[in-house]
Amino acid sequence: MTDVAGEAKRRRTFAVISHPDAGKSTMTEALALHASAITQAGAVHGKAGRRGVTSDWMELERTRGISITSAALRFEHRGHVFNLVDTPGHADFSEDTYRVLAAVDCAVMLIDAAKGMEPQTMKLFEVCRHRRIPVITFVNKWDRPGREALQLLDEIEERTGLRPTPITWPVGISGDFHGVVDRAEQRLIRYLRTPGGATKAQEADLTTEQAQAEWGGDWLRAGEEVALLDEIGADHDQKAFESHESTPVLFGAALTNFGVGRLLDALADLAPAPGPRADIADRPRPVESPFSGLVFKVQANMDPAHRDRIAFVRVCSGRFQRGMVLTHAATGRPFATKYAQAMFGQERATVDEAFPGDVVGLVNATALRPGDTLYDGPAVTYPPIPSFAPEHFAVARARNSGKSKQFRRGIDQLDAEGVIQVLRSDLRGDQAPVLAAVGPMQFEVVQHRLAAEFGAEISLDHLDYTLARRTDSASAELMAGQRGAEVLMRSSDETLLAVFTDRWRMGSIKSDHPGLVLEPLIADT
Ligand code: GDP
């Protein structure tokens, strides 16, 4: 008998949320370096130097230099199994970036010491807030000039509403980094420069006498700051952390691997293990129940000849074994995971079994959509993943009017898959829906797939709207004919969205019509 509860208990499934350039890739490598037994869970890349699967989709990925297919990195440390779920950023920022947060139990908010809370970090943080995902903060690049530590704490608190509880505290201002005081473990650790990527950081302990002799005034100052933190009670409180009221904070430099081991320890000690997940009726399914999993990302068109899809599933309960026949909750149909075997058989990342918190890639998943549930044994359906606030809008039209049927079918299909949000209005009609996206990359995917899979080439006319609010039909009437704004209905959930060119326009329409209902959507900051 496998001890499912025991396996779940040693899992830590998390994502790094950050703004481009804060150091997410550097941190990911550094984390993996500190740990061992690295596999790319669910990855579909071939072995080194050889692509297992090639397609023009991969071509798009290659030419753009972005990674669309990676899903999760798995590694072990101190007897724990870590699943680091990727949050695509930069050019491939899309609705998927938000959706993957449905698969994690904790987030590491990585901030650049010189830049503080940046826009993309805030957006991802908003999703964490909505999902009540506990957040550990890592202030990165302390080896470079940046802001003051206390100032950063204020900013974190002000922007996130979370009370910062530093676990480590830097000695020396950013750019003149001597080491950290480990408040939790009552240690002093010297900062040693180690070349990135090569070795683990050498972290040497110091006595207070040594610190005083070597660090002088910087040590006194750090001591005063730590005393201040003690005084205001900025101490870690597990309950406050788990209920999204406080955030433990660590300082370090991913590039030189400093503080990275401490971050792993914090994840092992503080981040929650996979727990019972509430279903759509708010009934929790214990982790030791029979298998259940949530599809959080669907990667389409890996191989255009087969119109293949790979679905990334977060195991929520039970033990996954390759070859199982599961039930797809949305349709009640069986879903055979034996196809995963063939696919992964050629690749190194074979997933033979998995436990709560793990990520599994299932091929031949044509019927699966983000937010879907798969289960074995007693039926369960997890709540759907909500749609997020779009910021990019474009009108799509079939280039060839003879293809309007294919065009409509394709749009409906991509809408159902959650590739893009489709907005409609009577005014615009069925042949010119508005496509709404979180990142512009989503338009490219739509264009590519409509042509490749449905034979419908499309043209896109970008609209200059940049923000959307939930509204109602009375407000829609008030807004009719307004310049720089429009009300559209989202096809997937029939939500009415008021879209605006900018905040200023929204503000002026709102002041003309104080009764207007405009509610923020998730991730809107
Ligand atoms: P990402 O866009 O968040 O994935 O950021 P990268 O990991 O690519 O890092 C962006 C840049 O910051 C790169 O040039 C890194 O070498 C640099 N960088 C990352 N971490 C640190 C750090 O701790 N200290 C310094 N000085 N540079 C860093």
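Of the candidates GLY261, GLY275, GLY323, the single residue that is at pLDDT below 95 and assigned to a loop (DSSP other than H, G, I, E, B) is GLY323. Checking each residue of segment 150-165 against the condition of being among the small types (Gly, Ala, Ser), modelled with pLDDT of 95 or more and more than 14 Å from the ligand (Cβ to nearest atom) gives at least one match.
If you go through segment 81-93, how many residues are of a type in the set (Asp, Glu) and part of a loop (DSSP other than H, G, I, E, B)? Result for segment 81-93: 1. The number of residues in segment 494-520 that are in contact with a Phe, Trp or Tyr (Cβ under 7 Å, 6 or more places away or on another chain) and β-branched (Val, Ile, Thr) comes to 2. Annotation note: Cβ proximity below 8 Å between a residue of segment 212-228 that is on the phi < 0 side of the Ramachandran plot and a residue that is small (Gly, Ala, Ser) (sequence gap 6+ or interchain) occurs for TRP215/GLY172; TRP215/GLY179; TRP215/ALA222; ASP218/GLY172; TRP219/ALA211; ALA222/GLY172; GLU225/ALA149.
Considering only residues that are away from the ligand (no atom under 14 Å from the Cβ) and under 21 Å from ASP265 (Cβ atoms), look in segment 18-41 and name the one that is modelled with the highest pLDDT. My answer is HIS34. For segment 499-513, give me each residue that is in contact with a Leu (Cβ under 6 Å, 6 or more places away or on another chain) and crowded, with 21+ Cβ neighbours inside 10 Å. Answer for segment 499-513, where residues must be in contact with a Leu (Cβ under 6 Å, 6 or more places away or on another chain) and crowded, with 21+ Cβ neighbours inside 10 Å: just PHE500. When we screen ALA227, ALA240, ALA266 for residues that are assigned to a helix (DSSP H, G or I), at pLDDT 95 or above, surrounded by fewer than 13 Cβ atoms within 10 Å (Cβ to Cβ) and of a type outside the set (Phe, Trp, Tyr), the only hit is ALA227. Taking first residues from segment 244-265 that are closer than 11 Å to ARG193 by Cα and of a type in the set (Val, Ile, Thr) and partners that are within 9 Å of the ligand (Cβ to nearest atom) and not in a helix (DSSP H, G or I), the Cβ contacts under 8 Å between residues at least 6 apart in sequence or on separate chains come to THR256/ASP143; THR256/GLY196. Per the conditions (1) out of contact with any Asp or Glu (no Cβ under 9 Å at 6 or more places or on another chain); (2) closer than 26 Å to ALA91 by Cβ, the sole criterion not satisfied by ASP464 is (1). Exactly one residue out of PHE93, PHE82 is under 21 Å from ARG314 (Cα atoms), more than 12 Å from the ligand (Cβ to nearest atom) and crowded, with 21+ Cβ neighbours inside 10 Å: that is PHE82.
Within segment 138-149, residues that are free of Cβ contacts under 8 Å to residues at least 60 places away in the same chain and more than 10 Å from the ligand (Cβ to nearest atom) have Cβ atoms under 7 Å from residues that are of a type in the set (Val, Ile, Thr) and assigned to a strand (DSSP E or B) in no pair, counting only partners at least 6 apart in sequence or on another chain.
Reported count of residues in segment 251-271, each being closer than 14 Å to ASP112 by Cβ and more than 10 Å from the ligand (Cβ to nearest atom), is 1.
Every residue, every condition in (1) surrounded by 15 or more Cβ atoms within 10 Å (Cβ to Cβ); (2) within 24 Å of the chain's Cα centre (by Cα); (3) among the basic types (Lys, Arg), yes or no:
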{"position": "THR121", "(1), (2), (3)": "yes, yes, no"}
{"position": "THR137", "(1), (2), (3)": "yes, yes, no"}
{"position": "THR168", "(1), (2), (3)": "yes, no, no"}
{"position": "GLY175", "(1), (2), (3)": "no, no, no"}
{"position": "ALA184", "(1), (2), (3)": "yes, no, no"}
{"position": "ARG187", "(1), (2), (3)": "yes, no, yes"}
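Residues of segment 326-341 being of a type in the set (Ser, Thr, Tyr) and at pLDDT below 95, which ones? THR337, TYR339, listed by residue number.
The combined condition, being over 20 Å from ILE522 (Cβ atoms) and in contact (Cβ under 8 Å) with a residue 60 or more places away in the chain, is fulfilled by ALA365.
Anything in segment 1-17 that is outside any helix (DSSP H, G or I) and more than 14 Å from the ligand (Cβ to nearest atom)? List them, or say none. The answer is MET1, THR2, ASP3, ARG10, ARG11, ARG12, THR13, PHE14. Under 6 Å between Cβ atoms, at least 6 apart or on separate chains: pull out the pairs that start in segment 101-119 with a residue that is more than 21 Å from GLY172 (Cα to Cα) and of a type in the set (Gly, Ala, Ser) and end on any residue that is within 12 Å of the ligand (Cβ to nearest atom) and outside any loop (DSSP other than H, G, I, E, B). Within 6 Å, the pairs are ALA107/ILE17. If the condition is being in contact with a helix residue (DSSP H, G or I) (Cβ under 7 Å, 6 or more places away or on another chain), over 30 Å from GLU486 (Cβ atoms) and outside any strand (DSSP E or B), then segment 356-409 contributes PRO356, GLY357, ASN364.
Evaluated against (1) without any contact (Cβ under 8 Å) to a residue 40 or more places away in the chain; (2) among the β-branched types (Val, Ile, Thr); (3) outside any helix (DSSP H, G or I), VAL499 falls short on exactly one condition, (1). As for segment 513-522, it holds at least one residue that is at negative phi and free of Cβ contacts under 8 Å to residues at least 24 places away in the same chain. Residues being under 19 Å from PRO433 (Cα atoms), hydrophobic (A, V, I, L, M, F, W, C) and in contact with a helix residue (DSSP H, G or I) (Cβ under 7 Å, 6 or more places away or on another chain) are represented in segment 472-491 by at least one member.
The values are calculated or read from the model by the stated rules, or taken from the named source; none is laboratory data. The model shown is predicted, which means the values in this text are computed figures rather than measured ones. Glycine also receives a Cβ, built like all others from the backbone with ideal geometry; neighbour counts cover every protein chain displayed.
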